[in-house]
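The values are calculated or read from the model by the stated rules, or taken from the named source; none is laboratory data. Everything numeric in this text was worked out from a predicted model, so none of it was measured. Ideal geometry is used to build each Cβ from the backbone, glycine not excepted, and the neighbour counts take in all protein chains shown.
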Amino acid sequence: MDRHNPPSGGSNPNFMARQLELSDKDYQDIAAFVHKASGINLLDGKKELVRARLIKRINQLEFRDFKSYFRYATTDASGDELVFLLDALATNLTSFFREPQHFDFMAKVFLPELEKKRKKPGGGGPRLRIWSAACSSGEEPYTIAMVVLEKNPYFANGGDFRILATDLSTKVLNVAKKGQYGPESVKNINPVAVKSFMVKTPTDKGSYFTVTPQLRNLISFRRFNLMDPLPYKGPMDLIFCRNVMIYFDRETIGQLIAKFHKLLEIGGYLFIGHSESLSGLTHDYQYVAPCIYRKVSN
């Protein structure tokens, strides 16, 4: 049946067990739409990934095929189903202190630079603004907050410090806002930091760790599509956009890093993922180290 309004869903085992095929035409239509809407490139051999990530939802809502579901998702007046579709097709993989060289750079280079500025005559109390531009389930922005509070007493004692954490997926943002993680998730965190910034709660099913209000209150979590115009005035001192651009084509990457450049403070840094590079792209950043770039002028 071709539905225009989603049913309650999930009650009919005959629908839940269906193994629908995704035609090349429907795959190309979905991939083209997602690319335009979010920048994510789902072409080049990702047909099975698209099918696998949408089939459960299509069966749950009892649509007859991918085409009818896609029509519904892109015409739903509330926009809720489109958010679900984009959530399903976005890849979210993260961990605390992932790619630790960035956090080492923060601790050994960036924060000392900021402290020197603060101690100069007339330096006053600097503000610190950091954007985690694809924060997933929150491990990245919470890691950033831990590093700043551990390494810079000024910000640990009430200095003007905020983190903006955004993601396309509402599902992972809900996890991030809750700030609760299992023991496997926190294994890469120094035990001293775990003790300082997390509360351990034993349960019948094992312990979980909840970030403290001190960390959570530093971070604003918001849904944001990187393809949309930036609603933030900035300036930002650091922008983390790691392991996202691997899903974008070169034109999209060029547009995105140009937007980041406008938002960064002069002297601010852009951190990208270890499998990403700005090599071969026209840009105005200064290369600092692998995956680290600096804005040196407007």
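Of all the residues in segment 145-166, those that are in contact with a Phe, Trp or Tyr (Cβ under 7 Å, 6 or more places away or on another chain), farther than 16 Å from Arg118 by Cβ and not polar (S, T, N, Q) number 4.
Yes or no: segment 126-136 includes at least one residue that is more than 16 Å from Leu218 (Cα to Cα) and under 23 Å from the mean Cα position of the chain (by Cα). Taking every residue of segment 126-136 in turn, at least one turns out to be more than 16 Å from Leu218 (Cα to Cα) and under 23 Å from the mean Cα position of the chain (by Cα). If you filter segment 251-270 down to residues that are outside any helix (DSSP H, G or I), aliphatic (A, V, I, L, M) and modelled with pLDDT of 95 or more, you find that the one that is surrounded by the fewest Cβ atoms within 10 Å (Cβ to Cβ) is Leu264.
For segment 240-298, a tally of residues being under 18 Å from Leu164 (Cβ atoms) and of a type in the set (Lys, Arg) returns 4.
Per the listing Asp104, Asp87, Asp26, the residue uniquely acidic (Asp, Glu), at pLDDT 90 or above, assigned to a helix (DSSP H, G or I) and surrounded by 16 or more Cβ atoms within 10 Å (Cβ to Cβ) is Asp26. Could you check, for segment 38-58, whether at least one of its residues is under 22 Å from Ser78 (Cα atoms) and at pLDDT below 75? Taking every residue of segment 38-58 in turn, none turns out to be under 22 Å from Ser78 (Cα atoms) and at pLDDT below 75. Going residue by residue through segment 228-241, is there one that turns out to be among the acidic types (Asp, Glu), touching a residue at least 40 places away in the same chain (Cβ under 8 Å) and either in the same structural domain as Ser185 (by TED's automatic domain parsing) or surrounded by 12 or more Cβ atoms within 10 Å (Cβ to Cβ) (or both)? Scanning segment 228-241 turns up at least one residue that is among the acidic types (Asp, Glu), touching a residue at least 40 places away in the same chain (Cβ under 8 Å) and either in the same structural domain as Ser185 (by TED's automatic domain parsing) or surrounded by 12 or more Cβ atoms within 10 Å (Cβ to Cβ) (or both). When Arg129 is tested against (1) more than 26 Å from Pro290 (Cα to Cα); (2) assigned by TED's automatic domain parsing to the domain that holds His274; (3) not in a helix (DSSP H, G or I), only condition (1) is not met.
State which residue pairs qualify: first residue at positive phi and inside segment 161-182, second residue outside any loop (DSSP other than H, G, I, E, B) in any location, beta carbons under 8 Å apart, and separation of 6 or more residues or different chains. Note: pairs meeting the criteria are Gly179/Tyr142; Gly179/Thr210; Gly179/Val211; Gly179/Leu215; Gly179/Arg216. Residues that are without any contact (Cβ under 8 Å) to a residue 60 or more places away in the chain and out of contact with any helix residue (DSSP H, G or I) (no Cβ under 8 Å at 6 or more places or on another chain) were ranked within segment 188-199; the one that is surrounded by the most Cβ atoms within 10 Å (Cβ to Cβ) is Met198. Somewhere in segment 132-153, is a residue assigned to a strand (DSSP E or B) and surrounded by 20 or more Cβ atoms within 10 Å (Cβ to Cβ)? Checked segment 132-153: at least one residue is assigned to a strand (DSSP E or B) and surrounded by 20 or more Cβ atoms within 10 Å (Cβ to Cβ).
Checking the stated criteria, Gly182 turns out not to satisfy the condition of being farther than 30 Å from His35 by Cα and at pLDDT below 90.
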